[in-house]
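What follows is a set of notes on a single structure, which appears directly below.
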There are 2 protein chains.
Amino acid sequence: MRVGLLQFTPQPGDVRANLNHIVRSLTGTSADLIVLPELCTTGYLFSSRDEAAKLSEPVPAGPTCATMAALSRDAKTAIVWGMPALAGSRVFNAAVLVTPQGQFHVYHKAHLFVDEKDLFDRGDSPFPVFDLGPVKVGMLVCFDHFFPEAARSLTLHGAQIVCHPSNLVLEYAHTNSVTRAVENRVFWILANRTGSETLGEKTLAFNGRSQIVAPDGRLLVRASPNSEELLVADIDPAEALDKKVTPRNDLFLDRRTDLYSI
Amino acid sequence: MRVGLLQFTPQPGDVRANLNHIVRSLTGTSADLIVLPELCTTGYLFSSRDEAAKLSEPVPAGPTCATMAALSRDAKTAIVWGMPALAGSRVFNAAVLVTPQGQFHVYHKAHLFVDEKDLFDRGDSPFPVFDLGPVKVGMLVCFDHFFPEAARSLTLHGAQIVCHPSNLVLEYAHTNSVTRAVENRVFWILANRTGSETLGEKTLAFNGRSQIVAPDGRLLVRASPNSEELLVADIDPAEALDKKVTPRNDLFLDRRTDLYSI
């Protein structure tokens, strides 16, 4: 199985330009699963909840999902990307997965970062795992990586690959994603963005270095801090079914749930 | 508060030699808390459960605890070390804490590594936190670091410093302890050993690089892979009471316990 990520700099507020860029970038790619950054169709900074709502779309009814479904079908790859999702009067910071067969799955970010708390509703989905046939996949968005319970919930329910669209401004995720991979023995695809955004007095610089980590912690690919990159790695997702870190230590069977108080 | 660690190479099976070495090394040290490696009074490899039992002692009734209590009193520092602990007919891979006032606390390793499963009983203590007055301390032993639930249990119950006596042969703990520190916003003292041990056809090489990590992930000190080192760092343990990674993100209050299924 070939998995990959696209690291790039979205244009703030210009959904059409970002979709065109994504379509150009992924057309001709040979992969089974490609992960894009968080909020990569809209950019990250919104002046208000109303602006976030205006740029959000229903999933899968909106035009962004239509474009992504066509791209997924044409490029013959499942795609995971971040976008603001409208659900009734609620707006979520969402990760969406579409398959070449047109199936959609969605995850609403559970742990909101800083001013996202003013813009989005807190995710309501208990870390769903999606069975794509050859592999089970989970999604987290950016700051979710800080909470080991999130990745644990996904992997205890069978996720072999964690797709992690991100807009990182802190340094922690690159280290944490290695730990998340090894403590759960899963593949981890961290798709971060590059560039910066300014809104009023606030400027955020995003730090790239997107990476794919193997269940044993090896970095299979890593992007630079600044440049646009499309990276792929060939993996055997069955490796993530084996939770043994030694012949006598299965990381899931060795858990002491009788002793934890969390 | 000054905390530290002693990285060294224990002599297999020679408790008296190891205690003498520890006393020589810590005498004259100025610190409030020093952490030593796992099983550092006996060495790591035992040929059988009987041999482990023979080298184990009751805590705090045995001579090792008596020596450590005297050292703690004389050096005016709390000491955490690893030793095999006898409790009735059970033998635990234990971390013991003694204070200059002669108070003892003990933790029994919960997650046993490889052939330790033949030698020791599984720990029965639900990750106790010990209040030393100026600071609350928890202990984990080596392989426990793989399980985020262990450190989470300690820190949710107030531990500001996690003392982590280890005999590491895998590469993961150095990365994982940084993640454990930042995801829980605690200080982490990883005291690893150096050297190698051979028993029959089995040889284990221990990989040093003991380190103290701050709640923001900074490495305050790090030892070399091979040499004996006594390292200290001045810390403000109150930093570990503040769980905010941003002004609007408290890592404990932001947990979504309504969504986790672990």
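The values are calculated or read from the model by the stated rules, or taken from the named source; none is laboratory data. Note that the coordinates shown come from a computational prediction; the quantities given were computed from them, not determined experimentally. All Cβ positions, even for glycine, are placed from backbone atoms using ideal geometry, and neighbour counts span all protein chains on display. Quick note on the areas: whole protein, heavy atoms, side chains included, nothing else; ligands and nucleic acids left out. Shrake-Rupley method; radii C 1.70, N 1.55, O 1.52, S 1.80 Å.
Enumerate the strands (runs of 3 or more DSSP E) found wholly within region A:159-206, keeping only those where 1 or more residues are open to solvent by 10 Å² or more (accessible area, probe 1.4 Å).
By residue number, A:196-199, A:202-205.
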Could you give me the residue pairs with C-beta distances under 6 Å whose first residue belongs to region A:237-255 and is away from chain B (no Cβ under 11 Å) and at pLDDT 95 or above, whose second residue is surrounded by 12 or more Cβ atoms within 10 Å (Cβ to Cβ) and assigned to a helix (DSSP H, G or I) wherever it lies, and which are 6+ apart or on separate chains?
none
Within region A:90-111, does at least one residue satisfy the condition of being among the hydrophobic types (A, V, I, L, M, F, W, C), farther than 20 Å from A:LEU19 by Cα and under 16 Å from the mean Cα position of the chain (by Cα)?
yes
Lone qualifier among A:LEU6, A:LEU19 - being of a type in the set (A, V, I, L, M) and part of a strand (DSSP E or B)
A:LEU6
Do we have any residue at all in region B:121-134 that's more than 9 Å from chain A (Cβ to nearest Cβ) and open to solvent by less than 10 Å² (accessible area, probe 1.4 Å)?
no
Just give me the residues in region B:195-204 being farther than 16 Å from B:ALA223 by Cα and either in contact with a helix residue (DSSP H, G or I) (Cβ under 7 Å, 6 or more places away or on another chain) or among the small types (Gly, Ala, Ser) (or both), in sequence order.
B:SER196, B:GLY200
Residue list for region B:109-119, restricted to those being open to solvent by less than 10 Å² (accessible area, probe 1.4 Å), more than 7 Å from chain A (Cβ to nearest Cβ) and touching a Pro at 6+ places or on another chain (Cβ under 9 Å):
none
Quick one: A:SER224 ticks every box in (1) under 19 Å from A:LEU36 (Cα atoms); (2) open to solvent by 30 Å² or more (accessible area, probe 1.4 Å); (3) touching a Pro at 6+ places or on another chain (Cβ under 9 Å) except a single one, so which number is it?
(3)
Conditions: (1) without any contact (Cβ under 8 Å) to a residue 24 or more places away in the chain; (2) closer than 21 Å to A:VAL221 by Cα. A:ALA191 meets all but one. Number of the miss?
(1)
Being within 28 Å of A:ASP124 (Cα to Cα) and in contact (Cβ under 8 Å) with a residue 60 or more places away in the chain: is that true of A:LEU86 here?
no
Just give me the residues in region A:17-49 being closer than 19 Å to A:ASN93 by Cα, in contact with a strand residue (DSSP E or B) (Cβ under 9 Å, 6 or more places away or on another chain), open to solvent by 10 Å² or more (accessible area, probe 1.4 Å) and polar (S, T, N, Q), in sequence order.
A:SER47
Checking the condition in contact with a strand residue (DSSP E or B) (Cβ under 7 Å, 6 or more places away or on another chain), within 14 Å of another protein chain (Cβ to nearest Cβ) and surrounded by fewer than 23 Cβ atoms within 10 Å (Cβ to Cβ), which residue from B:LEU219, B:LEU231 passes?
B:LEU219
Residue hits (region A:185-214; within 14 Å of chain B (Cβ to nearest Cβ) and farther than 17 Å from A:VAL35 by Cβ) are A:ARG185, A:LYS202, A:LEU204
Filter result (assigned to a loop (DSSP other than H, G, I, E, B) and surrounded by fewer than 21 Cβ atoms within 10 Å (Cβ to Cβ)) within region A:140-158
A:HIS157, A:GLY158
Take the conditions touching a strand residue (DSSP E or B) at 6+ places or on another chain (Cβ under 7 Å), at pLDDT 95 or above and either acidic (Asp, Glu) or surrounded by fewer than 15 Cβ atoms within 10 Å (Cβ to Cβ) (or both) and apply them to B:ASP74. Does it pass?
no
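Can you give me the number of residues within region B:163-209 that are among the hydrophobic types (A, V, I, L, M, F, W, C) and closer than 26 Å to B:PHE46 by Cβ?
Selection size over region B:163-209: 12.
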More than 14 Å from chain A (Cβ to nearest Cβ) and touching a residue at least 60 places away in the same chain (Cβ under 8 Å) - does that describe any residue in region B:94-108?
yes
